[in-house]
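Handing you this structure, nothing more for now.
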Amino acid sequence: MNANPYRAVVITVSDRSAAGLREDRSGPAAVAGLRVGGFDCADPVIVPDGADSVESALRAALAEGARLIVTTGGTGVSPRDVTPEGTARVITREIPGIAEELRRIGASEKPGGMLSRGLAGVVDADGGGALVVNLPGSTAAVGSGIPVILSVARHVIDQLAGGDHT
């Protein structure tokens, strides 16, 4: 397990990308943004749509020591868009302000942005925990969402590890 408190994992949720039918662009964009923001982040993990696959991928990332997990994809309204349902099985407490800000920014860029059902929340764990944020699967949503996440991620991670409010 990596002891870096600022270790991130990106999970792309897409049936087509998982099957090799479409190149994943949003995952690598998220990874690049997190690396620029100072996070240790490997290449994205790609899983098919589905609450079970999302839950499994999140739990695996947590077991590997991730302190920030960003998912991309599966936040919309189609029948297979169930990333928030898989995420809800894992997070301990929601942080609605992050998800609300991501939707606000998304809707200001295009009306479809308000359709994202993405969640944000924390997973409590001994010795720390993790911040989990769902982003839509577009590179535009990732491009505008990663700065929002980076603006609070270190503070959340530090707070989960017992840090003081600064």
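The values are calculated or read from the model by the stated rules, or taken from the named source; none is laboratory data. These figures come from a predicted structure and were not determined experimentally. A quick note on method: Cβ atoms are made from the backbone with ideal geometry, for glycine too, and the neighbour counts reach across all protein chains shown.
Please count how many residues of the stretch 38-62 are more than 20 Å from Ala19 (Cβ to Cβ) and either of a type in the set (Phe, Trp, Tyr) or in a loop (DSSP other than H, G, I, E, B) (or both).
3
All but one of (1) of a type outside the set (D, E, K, R); (2) closer than 19 Å to Ser138 by Cα; (3) part of a loop (DSSP other than H, G, I, E, B) hold for Pro5, so report the exception by its number.
Of everything listed in (1) of a type outside the set (D, E, K, R); (2) closer than 19 Å to Ser138 by Cα; (3) part of a loop (DSSP other than H, G, I, E, B), Pro5 misses just condition (2).
Of the conditions (1) assigned to a strand (DSSP E or B); (2) farther than 20 Å from Ala18 by Cβ; (3) in contact with a Ser or Thr (Cβ under 8 Å, 6 or more places away or on another chain), Ile105 clears all except one; give me its number.
If we test Ile105 against (1) assigned to a strand (DSSP E or B); (2) farther than 20 Å from Ala18 by Cβ; (3) in contact with a Ser or Thr (Cβ under 8 Å, 6 or more places away or on another chain), just (1) comes out false.
While we're on this one: For the condition of a type outside the set (D, E, K, R) and touching a strand residue (DSSP E or B) at 6+ places or on another chain (Cβ under 7 Å), what is the one hit in Val36, Val47?
Values: Val36 fails: touching a strand residue (DSSP E or B) at 6+ places or on another chain (Cβ under 7 Å).
Just one listed residue meets the conditions, Val47.
Yes or no: the stretch 6-29 includes at least one residue that is in contact with a Phe, Trp or Tyr (Cβ under 9 Å, 6 or more places away or on another chain) and surrounded by fewer than 23 Cβ atoms within 10 Å (Cβ to Cβ).
Taking the stretch 6-29 and keeping what is in contact with a Phe, Trp or Tyr (Cβ under 9 Å, 6 or more places away or on another chain), we get 6-8.
Filter again for surrounded by fewer than 23 Cβ atoms within 10 Å (Cβ to Cβ), leaving 6-7.
Checked the stretch 6-29: at least one residue is in contact with a Phe, Trp or Tyr (Cβ under 9 Å, 6 or more places away or on another chain) and surrounded by fewer than 23 Cβ atoms within 10 Å (Cβ to Cβ).
In addition: Let me confirm something: among Glu23, Glu85, Glu94, which residue is farther than 20 Å from Gly137 by Cα and either over 14 Å from the mean Cα position of the chain (by Cα) or at pLDDT 95 or above (or both)?
On the way: Glu23 fails: farther than 20 Å from Gly137 by Cα; Glu85 fails: farther than 20 Å from Gly137 by Cα.
After ruling out the rest, the residue left standing is Glu94.
Can you find, within the stretch 118-151, the residue that is surrounded by the fewest Cβ atoms within 10 Å (Cβ to Cβ) among those that are out of contact with any strand residue (DSSP E or B) (no Cβ under 8 Å at 6 or more places or on another chain) and of a type outside the set (Gly, Ala, Ser)? Don't jump to the end; show me each part of the working.
Kept after step one, since they are out of contact with any strand residue (DSSP E or B) (no Cβ under 8 Å at 6 or more places or on another chain), are these residues of the stretch 118-151: 125-128, 138-140, 143-144, 147-148, 150-151.
Now narrow it down to the ones that are of a type outside the set (Gly, Ala, Ser): 126, 139, 147-148, 150.
Working: Asp126: 5, Thr139: 15, Pro147: 12, Val148: 18, Leu150: 17.
Applying the filter and picking the extreme gives Asp126.
Out of the residues in the stretch 64-79 that are touching a residue at least 24 places away in the same chain (Cβ under 8 Å) and farther than 24 Å from Ser144 by Cβ, which is surrounded by the most Cβ atoms within 10 Å (Cβ to Cβ)? Quick ask: steps written out before the conclusion?
Taking the stretch 64-79 as the starting set, the residues that turn out to be touching a residue at least 24 places away in the same chain (Cβ under 8 Å) are 64-77.
With the extra rule that they be farther than 24 Å from Ser144 by Cβ, the set shrinks to 64-65.
Values: Glu64: 12, Gly65: 16.
Looking at residues that are touching a residue at least 24 places away in the same chain (Cβ under 8 Å) and farther than 24 Å from Ser144 by Cβ, I get Gly65.
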